[in-house]
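Structure record follows, encoded as structure tokens.
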Amino acid sequence: MSAPISNVRPPPDQLLVDLADYALNYSTPSDEALDTARWCLLDTLACGIMALAYPACTKLLGPVVPGTTIKNGARVPGTAYELDPVQAAFNIGTIVRWLDFNDTWLAAEWGHPSDNLGAILATADWLSRNAAANPPAAAFQSPIANRQSAITMRDVLVAMVKAHEIQGILALENSFNRVGLDHVLLVRVASTAVTTAMLGGTRDQIVNALSHAWLDGSALRTYRHAPNTGSRKSWAAGDATSRAVRLALIAMTGEMGYPSVLTAKTWGFQDVSFKGNAVKLARPLGSYVMEQILFKISFPAEFHAQTAVECAVRLHPLVKNKLADITRVELTTHESAIRIIDKSGPLNNPADRDHCLQYMTAIGLIFGHLTAADYEDQVASDPRIDALRAKMTVIEDKQYSRDYLDADKRSIANAVQVFFSDGSKTDRIEVHFPIGHRRRRKEGIPILQQKAASAFAARYGKSKSEKLTSLFTDRAKLEAMPVQDFASHLAKPN
């Protein structure tokens, strides 16, 4: 006869405690991390503002019940919406991710840590507006909200550093995609930890909230891969951030947590969803991820293809008048690119196209650029694109694959060479580090600023765009700005 199962409640899993302690106590990111967070905020907002030009995105925005408004609610940049923080997080997270143009983290599990801005900005604006309207009392007796001054943008930047770090460090050695789970799991976990702390949660409340985040498991990656690739991949992060805020609010009521959610035999996350593997932190939590983050500056493309498109754009002047004479295009890449975006056959929608290495490279060769509009049906119907795709051969370079996994290099290398019917060929153009890489930060930031200025001008007009971009020129002034003032600059009346 087997022994009865012990019902002694165990102490919290160590990972929950480590994440909670970091979210609660870490307050001194490196100067490089804070400076990078400033540009990350600008870039992320620009991506969200650009997405508002796409009806497929905007149809998902607004309150759950049309016409509902919240007094002192969180604003959604570029819109007139004022929403509860849960729905605001969904809105902001959705616009940020829609065009696949915000920052990227490549590791055993890749992802986009700025997706967490949905939860962070929505929570900060909501708390800040209510603290300013009703000082010193505020919901949940939050230490931040109870200050005589409102929450500042430094709080937002520090929260961004923390969320980036939690998501990114968990991604270094834990590969959830290899067991079919989507990386937005880590967005939910990071946003839950950070927003519970922002709400004034205690260590125990953050641990409890995190246990619920892991209890939720993860979405399947079905919507990211052929033959099912679809637009859910563009709002999955919004869904994750909104769920995080909801779980944080639940934990703040005193709702219980589940201490061995990860390690419980049979029923814990590790046994049920991770094939018995331990979920672990690869290195101590600090500000490493924000310092190392990769920006998508030049192209709204899946990051493994960024350098391939850069190669293609360089080759465009040499091939634009000889497209019919091309017999072969060799794409040399790394293993992750082959596994994720090497794709043949029909491409059914924009989400399909922005995850096809051959499509993105063809656009660069034919047009000399790659924009979000190039994934739409009007451009995709150009017969030259599929004709060129059919002539492409994808080859793995083992050294590229090794360098991709090297923590010191973190390269994302691609090379492109074009061959013609007369026997001639172009040079083999090779790029190891995209312009958004830390190694090209000095070169990249001015282009990032241009990206943002263009996005803001299209939505707000040139004069307002200049005012918005000027908010980021002096980090000290930005850090001192109350969040509700910052959000007011971004709101746009109907």
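If you go through the range 455-482 and pick out every residue that is touching a residue at least 12 places away in the same chain (Cβ under 8 Å) and part of a helix (DSSP H, G or I), you end up with 14.
Yes or no, residue by residue, for (1) within 25 Å of HIS316 (Cα to Cα); (2) among the aliphatic types (A, V, I, L, M):
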{"site": "VAL431", "(1), (2)": "yes, yes"}
{"site": "PRO446", "(1), (2)": "yes, no"}
{"site": "GLY461", "(1), (2)": "no, no"}
{"site": "LEU478", "(1), (2)": "no, yes"}
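Of the helices (runs of 4 or more DSSP H) contained entirely in the range 298-360, those carrying at least 1 residues that are over 19 Å from VAL418 (Cα atoms) and of a type in the set (Gly, Ala, Ser) fall at 335-341, 350-353.
Within the range 1-30, the set of residues being under 22 Å from the mean Cα position of the chain (by Cα) and either in a helix (DSSP H, G or I) or on the phi > 0 side of the Ramachandran plot (or both) comprises LEU19, ALA20, TYR22, ALA23. Number of residues in the range 93-108 that are part of a helix (DSSP H, G or I) and not basic (Lys, Arg): the value is 5. So is ALA480 aliphatic (A, V, I, L, M), within 23 Å of the chain's Cα centre (by Cα) and more than 20 Å from GLU310 (Cβ to Cβ) or not? Answer is no for this residue.
For the range 270-289, residues that are out of contact with any strand residue (DSSP E or B) (no Cβ under 8 Å at 6 or more places or on another chain), touching a residue at least 12 places away in the same chain (Cβ under 8 Å) and part of a helix (DSSP H, G or I) total 2. One residue stands out among those in the range 307-334 that are touching a Leu at 6+ places or on another chain (Cβ under 8 Å) and crowded, with 24+ Cβ neighbours inside 10 Å: the one that is nearest to MET360 (Cα to Cα), which is VAL309.
Screening PRO55, PRO66 for residues that are on the phi < 0 side of the Ramachandran plot and modelled with pLDDT of 95 or more leaves exactly one candidate, PRO55. For the range 321-330, the criterion of being modelled with pLDDT of 95 or more, of a type in the set (Lys, Arg) and either within 16 Å of HIS369 (Cα to Cα) or touching a strand residue (DSSP E or B) at 6+ places or on another chain (Cβ under 7 Å) (or both) is met by at least one residue. Going by the conditions given, is LYS71 surrounded by fewer than 22 Cβ atoms within 10 Å (Cβ to Cβ), modelled with pLDDT of 95 or more and among the basic types (Lys, Arg)? Answer is no for this residue.
For the range 82-93, indicate whether the set of residues that are surrounded by fewer than 22 Cβ atoms within 10 Å (Cβ to Cβ) and more than 21 Å from LYS233 (Cβ to Cβ) is non-empty. Looking through the range 82-93, at least one residue is surrounded by fewer than 22 Cβ atoms within 10 Å (Cβ to Cβ) and more than 21 Å from LYS233 (Cβ to Cβ).
Taking the conditions (1) over 26 Å from LEU45 (Cβ atoms); (2) modelled with pLDDT under 95; (3) part of a loop (DSSP other than H, G, I, E, B) in turn, ARG178 satisfies each one other than (3).
The values are calculated or read from the model by the stated rules, or taken from the named source; none is laboratory data. Only a predicted model underlies this, so the values are computations on that prediction, with no experimental measurement involved. Glycine gets a Cβ as well: all are built from the backbone with ideal geometry, and neighbour counts include every protein chain shown.
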